Amino acid sequence: MSDSTAIAHGTAEAHHEHPPYQRHHFETIAQQNDATNFAMWLFLLTEIMFFGGLFTAYLIYRNWYYPAFVAASHQLDIFWGSLNTLLLITSSFTMAMGVWCAELRKKSGLVLCLVLTFILGLGFLGVKTVEYREKWEKHHIPGLHYSVSSFVDPASDPEVHDKYPKDQPLALDMARHTELYFFLYFAMTGMHAVHMIIGIAILAFMIAKAQAGAYTTGHVTFVENFGLYWHFVDIVWIFLFPLLYLISRH
Amino acid sequence: MSEVQDGPEQHEHEHHIVSPIIYVIILCALLVGTGLTVWASFIDLGPFNPIIALAIACTKAVLVVLFFMHVKYSSKLTKLTVGAGFFTFLVLIGMTLADYFTRAWGRW
């Protein structure tokens, strides 16, 4: 453990054959891959804790104001929610296939998979826009565009009521508590959508790089770790969908 | 010192490439799970509705983590990190919810 051996070792390392993408502070490429994979998982775990806080708040308030949360969740359209689940699950599949293509150095396959993931992600955001638009029309956006009377007396706005004739009037205290549901709905789906937008932006960057042949030289770390991020966003939605749309339906 | 550790152990987790057939199977399982959870939500099972929905969601999440996120084929360090992370997460959520659900908080 003397200094001289450390220096000798270091000099030997400098002449050691290694791929150009291996950083000098790693002994082997396997060690570098393990370290980046580990770091990515640590980041994702902090993200899980972050979303966990929102999920916990949702479950506590749902338990307290159960009837209001049931009534409010009936405002969401299961069709759009299911469609978005299909889009996101399929995009996770195309992303996994993209990582596979990168590993096997299939450049055109990788670009195709990334483009498909990109399109499916945009499709998800498009559906979300349709849903948010409806909430705006019905005055269901807390803090920005919210009206308790739209719940107490849905017929008070004839234009909206003609479009959604099935809305039943709610008691005032229940109508007020729907605001909490929609606050949590926008906080959770909004945060999820922010993650989607970041992911789509990175995908666009990756498509450009992949076309230049960046990830098909054996160095797949970036694609692999982005895949982990994308699957994580998918997992968040896998829990958001039943909790927000489904569990109060029957 | 590091030379000693550079034994066969280092190559134990030789980068595993998961076959696309497995991805297709997982995709199908996830789609079936989605259909199942939507179908189950229309049946009135009382307190079991959220339990079933969460059970299906957890199964889907485990499939994604194990196969799409390659944890099944990852190093022991990754497996331990992911396991410990989810365990901590469940402790945090479980303890908080146990407290809120068993006291009369917010019932004024």
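Look at (1) at pLDDT below 80; (2) surrounded by 10 or more Cβ atoms within 10 Å (Cβ to Cβ); (3) part of a helix (DSSP H, G or I); (4) more than 10 Å from chain B (Cβ to nearest Cβ) and you find that A:T36 fails only one, number (1).
Within the stretch A:63-79, the set of residues being open to solvent by less than 30 Å² (accessible area, probe 1.4 Å), assigned to a helix (DSSP H, G or I) and either touching a Leu at 6+ places or on another chain (Cβ under 7 Å) or at the interface with another protein chain (Cβ under 9 Å from one of its Cβ atoms) (or both) comprises A:A71, A:S73, A:I78. Counting residues in the stretch A:103-116 that are under 20 Å from the mean Cα position of the chain (by Cα), away from every other protein chain (no Cβ under 14 Å) and not hydroxyl-bearing (S, T, Y) gives one or more.
Scanning the stretch A:207-238 for residues that are more than 14 Å from chain B (Cβ to nearest Cβ), in a helix (DSSP H, G or I) and under 15 Å from A:K106 (Cα atoms) yields a total of 4. Counting the residues of the stretch A:239-250 that are farther than 16 Å from B:A61 by Cβ, more than 7 Å from chain B (Cβ to nearest Cβ) and touching a His at 6+ places or on another chain (Cβ under 8 Å) gives 1. Close contacts from the stretch B:87-100, counting a first residue that is open to solvent by 50 Å² or more (accessible area, probe 1.4 Å) and a second that is hydrophobic (A, V, I, L, M, F, W, C), with Cβ to Cβ under 7 Å and a gap of 6+ residues or different chains, come to B:Y100/A:I60.
A quick yes/no check of all residues on (1) exposed (fewer than 14 other Cβ atoms within 10 Å of the Cβ); (2) at pLDDT 95 or above; (3) more than 15 Å from the chain's Cα centre (by Cα):
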| position | (1), (2), (3) |
| --- | --- |
| A:D157 | no, no, yes |
| A:V160 | no, no, yes |
| A:P165 | yes, no, yes |
| A:L180 | no, no, yes |
| A:Y185 | no, yes, no |
| A:G190 | yes, yes, no |
| A:V194 | yes, yes, no |
| A:G213 | yes, no, yes |
| A:F241 | no, yes, no |
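Selection of the stretch A:155-206 for residues being part of a loop (DSSP other than H, G, I, E, B) and hydrophobic (A, V, I, L, M, F, W, C) yields A:L170, A:A171.
The values are calculated or read from the model by the stated rules, or taken from the named source; none is laboratory data. All figures in this text were calculated on a predicted structure; none of them were measured in a lab. With ideal geometry, Cβ positions are generated from the backbone for all residues, glycine too; neighbour counts draw on all protein chains shown. Ligands, DNA and RNA are stripped out before the accessible areas are found, and what is left, the full protein with its side chains, is counted by its heavy atoms. Shrake-Rupley method; radii C 1.70, N 1.55, O 1.52, S 1.80 Å.
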